[in-house]
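Okay, structure first, notes after.
Please treat every number below as a calculation from the coordinates, not as lab data. Quick caveat: nothing in here was measured; it's all calculated off a predicted structure. With ideal geometry, Cβ positions are generated from the backbone for all residues, glycine too; neighbour counts draw on all protein chains shown.
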Amino acid sequence: MALALKDRIKESSTTTGTGAYSLNGAETGFETFSNIGNGNTTYYCCTDGTNFEIGIGTYASSGNTLTRTTILQSSNSDAAFSWVGGVRVLFCTYPAQKSVFLDASNNMPIANNVTIGGTLGVTGVATFTAVPIFPNNTIETADIQADAVTGAKIPDNAINSEHYTDGSIDLAHMSVNSIDSDQYVDASIDTAHIGNLQITTALIAADAVNGDKIADNAIDSEHYTDGSIDTAHIADSQITVAKMAANSIDSDQYVDASIDTAHIANLQITTGLIAADAITAAKIADDVINSEHYAAGSIDNEHLADDAVGADELAANAVVTASIVDANVTLAKIANQAANTVLVRDANSSGVVSAKALTTTQILIGDGTGFTAAALSGDATMTNGGVVTIANNAVTLAKLAGIARGKFIVGDASGNPSVIGPGTNGQILTSDGTDIAFATSSAASLDDATALAIALG
């Protein structure tokens with residue numbers, strides 16, 4: 001990022017508030033802020049003709065904006081001005097506060113410090129009164145005040161061994177962890193230089209501690225790693241019972257198949273020691289398994305021999321409806337009954353099946369709660385063959401179903417009762433010798449020997 005100034009840069013903006021200026025394009029005859037370069041800063045002035053703001057802004061090509069980096073002067077007490085609606089102009093300018101100018105004598109007075117990057121070219125005579133300027137290599141030791149050369153004046157890595165006087169570097173001048181193996185003369189560190197208990201495991205080379213370095217009786221149980229003593233380290237016949245800790249022998253120490261009956265104490269084989277499915281039929285003595293050894297519900301059909309369950313093995317009321325296969329109760333399974341009886345389920349006997357005896361010509365009559373054996377009586381009789389007979393003169397007018405007014409019953413061609421009539425006004429019953437019907441009267445239909453007066457309504 002660099003400070004850049006360009007001529008004839010002027011754009012409009014409608015930005016409101018105090019945020020970055022959005023640039024709307026160059027005014028007629030001017031150029032855009034894009035000439036400043038992306039990421040560079042420049043001096044700017046923004047005004048709407050009444051209010052103004054002067055400062056340093058940073059141009060961003062992304063979004064075409066100018067961010068207010070520093071406010072130098074404004075009509076808002078030199079703070080960022082909060083713009084409201086309307087259009088204002090933004091242009092590149094050189095603020096008076098930042099100007100360097102010549103006085104009436106063509107001299108350039110400088111009120112503040114000036115930082116010059118690169119080479120300063122001067123035409124004519126330049127007079128500097130504030131700080132003397134020395135040519136290269138002209139400043140000698142006598143020109144430098146005591147203690148004037150501080151650490152800040154010395155470049156990194158500029159001091160080497162020729163600048164130190166002998167014995168001038170003591171502990172105070174050495175940083176922590178600054179001396180490594182490169183600074184030690186070979187074999188220069190002896191016992192006197194090593195503090196007590198300072199030789200740790202990491203400082204001892206592999207295989208450096210041999211038998212000569214170990215004091216007699218110095219190695220005890222804490223110095224052995226687990227599993228480090230093998231057969232080669234133990235003399236023959238040296239491990240006695242007293243040398244073995246309780247619970248120290250496990251399955252790894254036993255030879256396969258080396259434990260026989262003599263080694264096992266009575267009653268020491270527990271459930272946990274028996275492998276799953278290890279007890280076969282050959283291991284079980286005859287007649288030793290009884291009811292206490294069976295788990296509830298463990299005996300199913302495949303464990304029962306054919307015809308093994310008899311009447312004695314069934315508990316009272318053990319056979320329920322769900323135990324009988326559908327359609328498997330035959331007549332042979334039903335107890336014999338008296339002659340001429342039927343089995344019914346009677347509500348009067350709490351739903352129990354009972355036998356009802358029937359005599360000649362009796363039938364079962366139900367009343368919704370039970371059945372009664374009864375014979376037909378009254379005007380109807382029934383034979384043992386099931387024929388029902390109605391007594392003569394037993395069917396009265398009251399037994400006949402009602403018919404429409406004016407109609408009457410006659411026999412039809414099939415000999416079945418049929419309803420006809422009542423005909424229309426003025427009609428009379430006529431017969432053709434086979435059937436009768438209503439017809440309209442006429443002189444032609446009357447016998448000439450009959451004198452009949454008919455009043456037609």
message: For a quick check: sort T141, T15 by the number of other beta carbons within 10 angstrom, fewest at the front.
response: T141, T15
query: Relative to the present Cα-Cα distance, how much length would full extension add between S75 and V388 at 0.36 nm per residue of separation?
result: 99.7 nm
task: State, in angstrom, two size descriptors of the chain derived from its alpha carbons: Rg to one decimal place and Dmax to the nearest whole number.
output: 67.7, 191
statement: Proxy exposure order for C45, C92 (fewest C-beta within 10 Å first) is C45, C92
- line: The farthest towards the positive end of the charge dipole of the chain, of the residues T280, M108, G86, given +1 on Cβ of Lys and Arg and -1 on Cβ of Asp and Glu, is G86
message: With 10 angstrom as the radius, rank S248, S12 by how many other C-beta atoms surround their C-beta, starting from the fewest.
response: S248, S12
field: Gain upon complete extension [S168, D286; 0.36 nm per residue less C-alpha separation]
entry: 32.1 nm
message: Suppose we flag GluC sites (Glu not before Pro) only when DSSP calls them loop and at most 16 other Cβ atoms lie within 10 Å. Which is the longest uninterrupted stretch of the chain?
response: 141-457
field: Difference of contour (0.36 nm per residue) and Cα-Cα distance, S354 to S418
entry: 18.2 nm
- request: Compute the distance in nm between two label points, each set 7 Å from the Cα along the Cα-to-Cβ direction, one at L304 and one at D226.
  value: 5.7 nm
- prompt: Quick one: if the Förster radius is 45 Å, what FRET efficiency do N157 and V84 give, using the C-beta to C-beta distance and rounding to 0.05?
  reply: 0.15
query: Treating the beta-carbon of each Lys and Arg as +1 and of each Asp and Glu as -1, no other charges, what is the dipole magnitude of the chain about its Cα centre, to the nearest 20 debye?
result: 3980 debye
Dipole axis of the chain (+1 Lys, Arg; -1 Asp, Glu on Cβ), positive-most option in A172, P417, N290: P417
field: 10 Å Cβ shell holding at most 16 others, DSSP loop, chymotrypsin sites (Phe, Trp or Tyr not before Pro): longest site-free stretch of the chain
entry: 295-457
field: Percentage relative contact order, the chain, counting C-alpha pairs under 8 Å, at least six apart
entry: 6 percent
task: Mark the label point 7 Å from the Cα of A278 along Cα→Cβ and return the residues of the range 235-252 whose backbone N is within less than 15 Å of it.
output: 251
